[in-house]
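All remarks here apply to the structure that follows.
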Amino acid sequence: MARRPTTAGPPTTDIDMTPMIDMTFQLITFFMFVMNFSEAEQDERIRLPLSQLAKPSDRIVEKPLTLQLTSAGSVIYAGELVAVRDIGGYLEREKTVMRDAGREPAGATVIIRADGRSKTGEVQEIIRICQEKGFERFALRAQYDEG
């Protein structure tokens, strides 16, 4: 800190903010690299089934639509609990947003994360509703079991 001598009034102090701004940008960059976006869409209420065939996808899914089926039979969509029979309205809105953005729902990937204790018929019902709304690509998630 440098003090400038003045002839009138109290002395003023100039603070160099460059190191503080530099550190702020370094912290932002650090947290951007450390944050795992694939875990951001996961919900602790969903316990994926174990499978020895489960392996990470080779391709990167751009802007996926994630639906999480709970053991109680409801779907977690955008952090909200929705009944399976009511998910069609949400998918219709998603389809409208995609078309407004110039994307087709048929090109979007719907990721279904079903709890291992949920009924297979409910997963099939979600896929059927998605297909009715124009979604054609699906990815089912399971947890890898090393056996």
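The values are calculated or read from the model by the stated rules, or taken from the named source; none is laboratory data. Bear in mind the structure is a predicted one, so any value in this text is a computation, not a measurement. When we count neighbours, we look across all protein chains shown, and the Cβ atoms used for this are built from the backbone with ideal geometry, even at glycine.
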Open item on the list: Need the failing condition index for Thr109 against (1) over 15 Å from Thr66 (Cβ atoms); (2) touching a Phe, Trp or Tyr at 6+ places or on another chain (Cβ under 8 Å), just the number.
Closed with: (1)
TODO: Any chance you could count how many residues in the range 76-127 are among the polar types (S, T, N, Q) and buried (at least 18 other Cβ atoms within 10 Å of the Cβ)?
DONE: 1
TODO: Of all residues in the range 105-135, count the ones that are part of a loop (DSSP other than H, G, I, E, B), closer than 18 Å to Glu92 by Cβ and at pLDDT below 90.
DONE: 1
Task: Cβ pairs under 8 Å, 6+ apart, first in the range 67-81 and within 16 Å of Ala139 (Cβ to Cβ), second part of a strand (DSSP E or B) and of a type in the set (Gly, Ala, Ser) - done: Gln68/Ala114; Leu69/Ala114; Val75/Ala83
